[in-house]
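First comes the structure, then the notes that go with it.
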Amino acid sequence: MTVSFAAGAEGPWRIVRIAAVLGAPLQTAARLAVSEGAPPAGAIWTLRGVRSNERYTTREEKVRLAAASPALGRPGMLAAMLPVRKSARWWDLAQDERRGVLERSRHLDIGMEYLPAVARRLYHSRDLGEPFDFITWFEFAEADAAAFDRLLERLRATEEWDYVEREIDVRLARAG
């Protein structure tokens, strides 16, 4: 099922800030609606993604992630949406070479250190012709916001991020 992330005047998430980490920014908006299927009318911008199989995890890693990962939608959570586009150099690598980059970058190990405080879900967008390859959705308590920032700082310092050519950091709070 395709999931739409639509920014505009409507939606249960208030956009706190939109920051271009790398590349062109996204237009500012007040709210974000996340929905399956077609996005709401009147969006300033819409990004789409699909949940897919976990392409770069082993069975053992998948089991570890599932055991430690909290559910999304917990009350009182903040959220971050990070759309990312990787370079042609990344996509020219074979899947096992991309897995090697992830292993050397310790992507999974770093992420596991922040579970269960930070819940996450990955959406694939590349095959939909979207401007980003991935949309990563994170939820965390306000008390864990600094830890979430450290997680991003650590990941952005790895070899994997040498392949990122566009990244936007959208911070959200439940509209109340």
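The values are calculated or read from the model by the stated rules, or taken from the named source; none is laboratory data. Bear in mind the structure is a predicted one, so any value in this text is a computation, not a measurement. Note that each Cβ is placed from the backbone with ideal geometry, even for glycine, and that neighbours are counted across all protein chains shown.
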Residue in region 37-50 that is closer than 21 Å to L122 by Cα and in contact with a His (Cβ under 9 Å, 6 or more places away or on another chain) present: yes
Residue that is nearest to D133 (Cα to Cα) [pool: residues in region 44-59 that are at pLDDT below 95 and not charged (D, E, K, R)]: S52
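Considering only residues that are of a type outside the set (A, V, I, L, M, F, W, C) and assigned to a helix (DSSP H, G or I), look in region 133-146 and name the one that is surrounded by the most Cβ atoms within 10 Å (Cβ to Cβ).
D144
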Selection count where residues are assigned to a helix (DSSP H, G or I), among the aromatic types (F, W, Y) and crowded, with 17+ Cβ neighbours inside 10 Å, scope region 90-127: 1
Pairs with Cβ under 8 Å, 6+ apart, first in region 9-27 and touching a residue at least 24 places away in the same chain (Cβ under 8 Å), second of a type in the set (A, V, I, L, M, F, W, C) and loosely packed, with under 12 Cβ neighbours inside 10 Å: P25/A19
Any pair with Cβ under 6 angstrom, 6 or more apart, that starts in region 100-124 at a residue that is in contact (Cβ under 8 Å) with a residue 60 or more places away in the chain and ends at one that is part of a helix (DSSP H, G or I): V101/E159; V101/E160
Failed condition for A157, given (1) touching a residue at least 60 places away in the same chain (Cβ under 8 Å); (2) more than 26 Å from T46 (Cα to Cα): (1)
Of the criteria (1) modelled with pLDDT of 95 or more; (2) within 13 Å of Y56 (Cβ to Cβ), which one W161 fails: (2)
Single match in F134, F148 (criterion: modelled with pLDDT of 95 or more, within 14 Å of the chain's Cα centre (by Cα) and farther than 17 Å from E54 by Cβ): F148
Residue pairs meeting the criteria (Cβ under 9 Å; at least 6 apart or on separate chains; first touching a residue at least 12 places away in the same chain (Cβ under 8 Å), in region 40-66; second surrounded by fewer than 11 Cβ atoms within 10 Å (Cβ to Cβ) and of a type in the set (A, V, I, L, M)): V50/M1; R51/M1
Search result, residues across region 11-29 that are over 30 Å from R99 (Cβ atoms), surrounded by 14 or more Cβ atoms within 10 Å (Cβ to Cβ) and either at pLDDT below 90 or of a type in the set (A, V, I, L, M, F, W, C) (or both): W13, I15, I18, A29
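Given the criteria out of contact with any Asp or Glu (no Cβ under 6 Å at 6 or more places or on another chain) and not in a helix (DSSP H, G or I), does E130 qualify? Spell out the reasoning first.
On the way: out of contact with any Asp or Glu (no Cβ under 6 Å at 6 or more places or on another chain): yes; not in a helix (DSSP H, G or I): yes.
In short, yes.
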Qualifying residue in region 69-88 (condition: modelled with pLDDT of 95 or more, surrounded by fewer than 17 Cβ atoms within 10 Å (Cβ to Cβ) and either more than 20 Å from A173 (Cα to Cα) or of a type outside the set (D, E) (or both)): yes
